[in-house]
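The block underneath contains the structure these notes are about, expressed in structure tokens.
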Amino acid sequence: MLSLFMIEFDRVLRLQLRYPLEFVSGLLILTLLFYGLLVGAQHMTGVDNFGDNLDGIIIGYGTWIIVVAGLSQIPGDIAGEAQRGTLESVFLAKYRMDSIFLARSIAGSLQNLVLTFAVLLLLLWLTERSVSFPPAAMLAVITTILASISLGFLAGGLALKFKQVGRALVLVQYPLLFLMITPFETMQAEILNLSLLLPVVPSAITLRELTVAGKDLGDSHIIAALLNAAVYLGVGMFFFNRYVRSVKANGLLGGH
């Protein structure tokens, strides 16, 4: 598994270095998108200054970038392989399909972290805000990546069957943004407990607690984030493998 990950990480790194304009354009687009959403929210609510809530919104927005990358990685790879006519070759590899796409997703998510941190630093500088980022917050980042990859496996299963799911993923991205920036940790205990059952939400809550609220790791919802990521990753891989068997059995792998 380690050798597979290193191969995929090297591939992702080479692609990133070969196409630096993609990084720059992504940085600009994500920054402008945040400002568009912020200005729109100010216009709709009539509030010009969100105060300390803006710190949590920025961290939630960064979490959303990580989630979208994890969600889109596997279905994007499958759609690309299907269009190039190389999807069957991937399935003939010596590794299990879930292992291949897990390695690809982790490698892609690590590369996306560079973009995410660049966007956050730029937004914090432009808004003249500051947040602390203790080393413990990296654990919450890891659970965010794993939980987002679980969504990618679910979407990847659909991509194996339908091949084109890009527009459906766009519809999912914006409800996810709402979940990532909503401060469930400040709401009633019943709402908070229900939110912990949603995918990725415990990781988003933990990130805000560690970076914005300044809580210690022991006072955060890190255990809920770890359990949430593990459970959803297991469920996502289970359904992905079921789709793999179904597509093979019905001879639908070569479609595009």
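The values are calculated or read from the model by the stated rules, or taken from the named source; none is laboratory data. Please read these numbers as outputs of a predicted model, since none were measured by experiment. Cβ placement follows ideal geometry from the backbone for every residue including glycine, while neighbour counts extend to all protein chains displayed.
Of all residues in region 2-34 being polar (S, T, N, Q) and in contact (Cβ under 8 Å) with a residue 12 or more places away in the chain, which is farthest from Tyr95 (Cα to Cα)? Give the steps one after another, and end with the answer.
Kept after step one, since they are polar (S, T, N, Q), are these residues of region 2-34: 3, 16, 25, 31.
If we keep only those that are in contact (Cβ under 8 Å) with a residue 12 or more places away in the chain too, we end up with 16, 31.
Values: Gln16: 25, Thr31: 38 Å.
By that ranking, first place goes to Thr31.
Here's the yes/no breakdown for (1) aromatic (Phe, Trp, Tyr); (2) surrounded by 16 or more Cβ atoms within 10 Å (Cβ to Cβ); (3) at pLDDT below 90:
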residue	(1), (2), (3)
Gly166	no, no, yes
Leu171	no, no, yes
Leu176	no, yes, no
Met180	no, yes, no
Glu185	no, yes, yes
Leu194	no, no, no
Val200	no, yes, no
Ser203	no, yes, no
Leu207	no, yes, no
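Return the total of residues in region 1-26 being loosely packed, with under 13 Cβ neighbours inside 10 Å and assigned to a helix (DSSP H, G or I).
Residues of region 1-26 loosely packed, with under 13 Cβ neighbours inside 10 Å: 1-3, 6, 10, 14-15, 17-22, 24-25.
With assigned to a helix (DSSP H, G or I) added as a condition, the list becomes 2-3, 6, 10, 14-15, 17-18, 20-22, 24-25.
Within region 1-26, residues that are loosely packed, with under 13 Cβ neighbours inside 10 Å and assigned to a helix (DSSP H, G or I) number 13.
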Completion exercise
Checked region 184-216 for anything touching a helix residue (DSSP H, G or I) at 6+ places or on another chain (Cβ under 6 Å), part of a loop (DSSP other than H, G, I, E, B) and farther than 16 Å from Ala147 by Cβ; matches are Val212, Lys215
Practice task
Would you check which residues across region 27-55 are modelled with pLDDT under 85, assigned to a helix (DSSP H, G or I) and touching a helix residue (DSSP H, G or I) at 6+ places or on another chain (Cβ under 7 Å) and list them?
Solution key: Leu54
Practice task
Within region 66-98, work out how many residues are part of a helix (DSSP H, G or I), among the charged types (D, E, K, R) and modelled with pLDDT of 80 or more.
Solution key: 2
Handout entry: Some residue of region 121-134 being small (Gly, Ala, Ser) and assigned to a helix (DSSP H, G or I)
Key = no
Problem - Any chance Ala93 is surrounded by fewer than 17 Cβ atoms within 10 Å (Cβ to Cβ), farther than 29 Å from Gly218 by Cα and touching a helix residue (DSSP H, G or I) at 6+ places or on another chain (Cβ under 8 Å) - result: yes
Problem - Check on Ala103, assigned to a helix (DSSP H, G or I) and crowded, with 19+ Cβ neighbours inside 10 Å - result: yes
Problem - Criterion (at pLDDT below 90, closer than 26 Å to Gly76 by Cβ and under 19 Å from the mean Cα position of the chain (by Cα)) met by exactly one of Ala147, Ala159, Ala229 - result: Ala159
Handout entry: Which listed residue is touching a Leu at 6+ places or on another chain (Cβ under 7 Å) and of a type in the set (A, V, I, L, M), from Leu92, Leu115, Leu121
Key = Leu115
Exercise for the section: Among the residues of region 135-170, count how many are at negative phi and outside any helix (DSSP H, G or I). Expected result: 4
